[in-house]
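One structure is given below, encoded as structure tokens.
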Amino acid sequence: MTSDKFISIEGIAKRYEGTRSTTIFENLWLGMARGEFVCVIGHSGCGKTTVLNILAGLDAPSEGVVVVDGQAIEGPSLDRAVIFQSHALLPWRTVLGNVAYAVSSKWRKWDRAKVKAHALKYIELVGLAGSEHKRPSELSGGMKQRVGIARALSITPKIMLMDEPFSALDALTRGTLQDEVRRICVETGQTVFMITHDVDEAIYLADKIVLMTNGPGAVLAEIVENPLPKDRLRGDLHRHPLYYALRNHIIDFLVSRSKTFVAETPDHDPRKVPVVKIGRTEPTIVASKPADSDAPQAAAR
Amino acid sequence: MTTSLRLRAAVVSIVLLAVFLGAWHIATRSTGAAANMSPEYAKLMGMTATQGKSAMPGPLDVGAKLWEHLKRPFYDNGPNDKGLGIQLAYSIGRVMLGYLIAVAIAIPLGFLIGMSPLISKALDPFIQILKPISPLAWMPLALYTIKDSSLSAIFVIFICSVWPMLINTAFGVASVRKEWINVARTLEVGNFRRAFTVILPAAAPTILTGMRISIGIAWLVIVAAEMLVGGTGIGYFVWNEWNNLSITNVIIAILLIGVVGMVLDQLLARVSRLVTFPE
Ligand SMILES: Nc1ncnc2c1ncn2[C@@H]1O[C@H](COP(=O)(O)OP(=O)(O)O)[C@@H](O)[C@H]1O
Ligand SMILES: [Mg+2]
């Protein structure tokens, strides 16, 4: 039914059985178009990483499927690159070795020289030319994450999955890396699914911001469309007339509605997550919702 | 700063050695030791005792004898009189053989145990029971079944060095960081390649620690094993020289056992440094 979507999460659930079995989330639906940059925001422990791991194929859902490019995913794939929160570099390999490992995994028949040239191209792309023979222990946190990005990009994936990639970095480094990720993704038209805690990061990078309520039993509450122009600059975000409305809407969700959403919205249809457009005056729900009961809520701010 | 620390430590080491040698020399030089001895014992101990010289050789005696040995380490005058080099070579050969067999079995098996929780649980009781058995307790059984003293010694070396390597390999493999495994999984790296490119390098430091413990134990055990089985080897040499009442040779053998043990340990320490990665 969602064949127009490049990625389609169709009714997935994750349960942990045990003495006290818990449902992290269930009946979760989300579609993403090709070339779209989607950020998921939600509180710690709500299940964001679990969703990402299911998308990556590292974890299997208890129910439901994820369809990517018309195919249900059955495990990890070179088409879906993951940028890990903890960078996950192999410490016994150099920068070049780490990227080359990915390159030679994708193109098994390439010879050394070709693998090296390809890897170097991506090391250069993330601004690490000259450091290719360093080991991860000799790099700063920001540089390590750059290597992780180079490794993910080097296999030219169809989708990039990023789990709070910049959360361990200082503000300055984070800003530079955001700029670079945005530049690369806009240039290459990457489809990106990214988890973040940082509202400004989401506003800067994402086309759509998915708001996830607190777990257990987390749901996707809203999909907020980013009203800012595609050619936005990080330093100019706050000058945009809709910036504060957008920011307030998200923060309001994180502060209060993420806790109360499920109880206050009994008729929430997880298959039709409301799409919210931030207007000049107030946010309005524009799609797929019996709007009567919920419009005031989305507009509460 | 560090060089001066090293220098000062070396000076202290030399001073300690000098003090020890000096004390040893003075203690063994001469006394009325003969007076306190029963006549039979004095007779047994021979000239040195009856002449009032200590039965314990002094450092100069040991040094002179050591020099003699070092000059011709590989002479062979029949079964009871071989150069120290030959005896040590026998011992090292046995240790290496038993140890390498242990490596060949412990590392693959440890991999299996580390990768498979089922095998790990299934083998655990056996390992727990076999591990604390003194290697020498196997000796009679080995002699009875293998019927060859030298092979029995090798078996004993094998059985004592296999456990630390097995356990460390299993532990190292089982505790490879999940994120490194996930990197390999997202890159669709096959099981075989993953074992060699991720798990082995990640577990190598732990495995090497096990190998280092094992070689130490193997070297400890070979001396005892050779005392039991006899024939050749440094352990047999010690026992033989004790029967000859040549305390000088016993002391020299002790010294050499220590030196060889240290060299073996240092070799593995060096390999260990090669595979250790900073995080
Ligand atoms: N093996 C497990 N057993 C039980 N609960 C788990 C397990 N792994 C994760 N969880 C729970 O799943 C929830 C979602 O985790 P996660 O996806 O990492 O959250 P997030 O990334 O949003 O912070 C958490 O509340 C966590 O406690
Ligand atoms: Mg997380």
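Structure data summary
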{"item": "Any chance A:E138 is farther than 30 Å from B:A203 by Cβ, among the acidic types (D, E) and open to solvent by 30 Å² or more (accessible area, probe 1.4 Å)", "result": "no"}
{"item": "Among the candidates B:E188, B:E179, residue that is open to solvent by 20 Å² or more (accessible area, probe 1.4 Å), charged (D, E, K, R), within 14 Å of chain A (Cβ to nearest Cβ) and touching a Pro at 6+ places or on another chain (Cβ under 8 Å)", "result": "B:E188"}
{"item": "Residue list for the stretch A:7-36, restricted to those being among the hydrophobic types (A, V, I, L, M, F, W, C), open to solvent by 10 Å² or more (accessible area, probe 1.4 Å) and away from ligand 1 (no atom under 12 Å from the Cβ)", "result": "A:W29, A:L30, A:A33"}
{"item": "Boolean, A:N53 is within 11 Å of chain B (Cβ to nearest Cβ) and more than 16 Å from ligand 2 (Cβ to nearest atom)", "result": "no"}
{"item": "The stretch B:135-175, subset within 30 Å of A:A60 (Cα to Cα) and crowded, with 19+ Cβ neighbours inside 10 Å, residue farthest from the other protein chains (Cβ to nearest Cβ)", "result": "B:A170"}
{"item": "All strands (runs of 3 or more DSSP E) inside the stretch A:1-93 with 1 or more residues being at positive phi, of a type in the set (G, A, S) and touching a residue at least 12 places away in the same chain (Cβ under 8 Å)", "result": "A:7-16, A:63-68"}
{"item": "Answer from B:G216, B:G231, B:G172 - the residue that is over 26 Å from B:I127 (Cα atoms) and under 26 Å from the mean Cα position of the chain (by Cα)", "result": "B:G231"}
{"item": "Residues that are open to solvent by less than 10 Å² (accessible area, probe 1.4 Å) and within 13 Å of ligand 2 (Cβ to nearest atom), drawn from the stretch A:37-47", "result": "A:V40, A:I41, A:G42, A:C46, A:G47"}
{"item": "A:L161 away from chain B (no Cβ under 13 Å) and either part of a helix (DSSP H, G or I) or within 16 Å of ligand 2 (Cβ to nearest atom) (or both)", "result": "no"}
{"item": "Some residue of the stretch A:117-133 being in contact (Cβ under 8 Å) with a residue 40 or more places away in the chain and within 22 Å of the chain's Cα centre (by Cα)", "result": "yes"}
{"item": "So A:E138, is it within 14 Å of chain B (Cβ to nearest Cβ) and either over 25 Å from A:T191 (Cα atoms) or in contact with a Gly (Cβ under 8 Å, 6 or more places away or on another chain) (or both)", "result": "yes"}
{"item": "B:E279 free of Cβ contacts under 8 Å to residues at least 40 places away in the same chain, within 14 Å of another protein chain (Cβ to nearest Cβ), outside any helix (DSSP H, G or I) and open to solvent by 20 Å² or more (accessible area, probe 1.4 Å)", "result": "yes"}
{"item": "Residues that are within 16 Å of ligand 1 (Cβ to nearest atom), open to solvent by less than 20 Å² (accessible area, probe 1.4 Å) and either of a type in the set (F, W, Y) or within 12 Å of chain B (Cβ to nearest Cβ) (or both), drawn from the stretch A:61-92", "result": "A:V82, A:I83, A:A88"}
{"item": "The one condition in (1) crowded, with 22+ Cβ neighbours inside 10 Å; (2) away from ligand 2 (no atom under 16 Å from the Cβ) that A:D111 fails to fulfil", "result": "(1)"}
{"item": "Among (1) away from chain A (no Cβ under 14 Å); (2) under 19 Å from the mean Cα position of the chain (by Cα), the one test that B:I207 misses", "result": "(1)"}
{"item": "Top-ranked residue of the stretch B:230-244 - restricted to ones that are open to solvent by 40 Å² or more (accessible area, probe 1.4 Å) and in a helix (DSSP H, G or I), ranked as nearest to the other protein chains (Cβ to nearest Cβ)", "result": "B:W239"}
{"item": "For A:H87: the one exception among (1) within 16 Å of ligand 2 (Cβ to nearest atom); (2) modelled with pLDDT of 95 or more", "result": "(2)"}
{"item": "Count - residues of the stretch B:245-262 that are at pLDDT 90 or above and surrounded by fewer than 15 Cβ atoms within 10 Å (Cβ to Cβ)", "result": "5"}
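The values are calculated or read from the model by the stated rules, or taken from the named source; none is laboratory data. The structure displayed is predicted, hence computed values, not measured ones. Every residue, glycine as well, gets a Cβ built from its backbone with ideal geometry; the counts of neighbours run over all protein chains shown. Quick note on the areas: whole protein, heavy atoms, side chains included, nothing else; ligands and nucleic acids left out. Shrake-Rupley method; radii C 1.70, N 1.55, O 1.52, S 1.80 Å.
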